[in-house]
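The block underneath contains the structure these notes are about, expressed in structure tokens.
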Amino acid sequence: MFDIGFWELVLIAIVGLVVLGPERLPGAIRNVSRWIGAARRMAASVRDELEQELKIQELQDNLKKAESAGMKNLSPDLQVSIDELKKAAEDVNRPYVNKDQDTNTTNPSRLSKE
């Protein structure tokens, strides 16, 4: 990412020590490391979201191709995409169904009040 060598880091540390002093330098280093960590996490989050959106777009394109082919005699990669979409749809619906069922079975007094 950045091409900073050992001597550049030593120079930055010396300048920081002179400017901030020994009392405030550790706190400043912690703040800078937090900012860098937050920026890295944000960049990773954006990258993951973009990858997910690209995968969703590819699956949608494959589904459109499959629909235009009449869902018969599909190529293996199109069939895999359709299977992934079906699995994703089941995964999305399953937590809500299980949550409702768990709530009704674990709290029988709730059923009698309704």
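Considering only residues that are part of a helix (DSSP H, G or I) and surrounded by 12 or more Cβ atoms within 10 Å (Cβ to Cβ), which ones fall in the range 62-83? Full working, then the answer.
Of all residues in the range 62-83, those part of a helix (DSSP H, G or I) come to 62-68, 76-83.
Matches in the range 62-83: ASN62, LEU63, LYS65, ALA66, LEU78, GLN79, VAL80, SER81, ILE82.
Here's the yes/no breakdown for (1) of a type in the set (D, E, K, R); (2) in contact with a Ser or Thr (Cβ under 8 Å, 6 or more places away or on another chain); (3) modelled with pLDDT of 75 or more:
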| position | (1), (2), (3) |
| --- | --- |
| ARG30 | yes, no, yes |
| ALA44 | no, no, yes |
| LYS55 | yes, no, yes |
| ASP61 | yes, no, yes |
| ALA66 | no, yes, no |
Matching residues in the range 4-60 - criterion: being among the charged types (D, E, K, R) and closer than 30 Å to ILE82 by Cβ | ARG47, ASP48, GLU49, GLU51, GLU53, LYS55, GLU58
For the subset of the range 1-57 comprising residues that are part of a helix (DSSP H, G or I) and among the acidic types (Asp, Glu), which member is farthest from LEU78 (Cα to Cα)?
-> GLU23
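The values are calculated or read from the model by the stated rules, or taken from the named source; none is laboratory data. In this text, all values refer to a predicted model and were calculated from it rather than measured experimentally. As a convention, Cβ positions derive from the backbone with ideal geometry for all residues, glycine included, and neighbour counts pool all protein chains shown.
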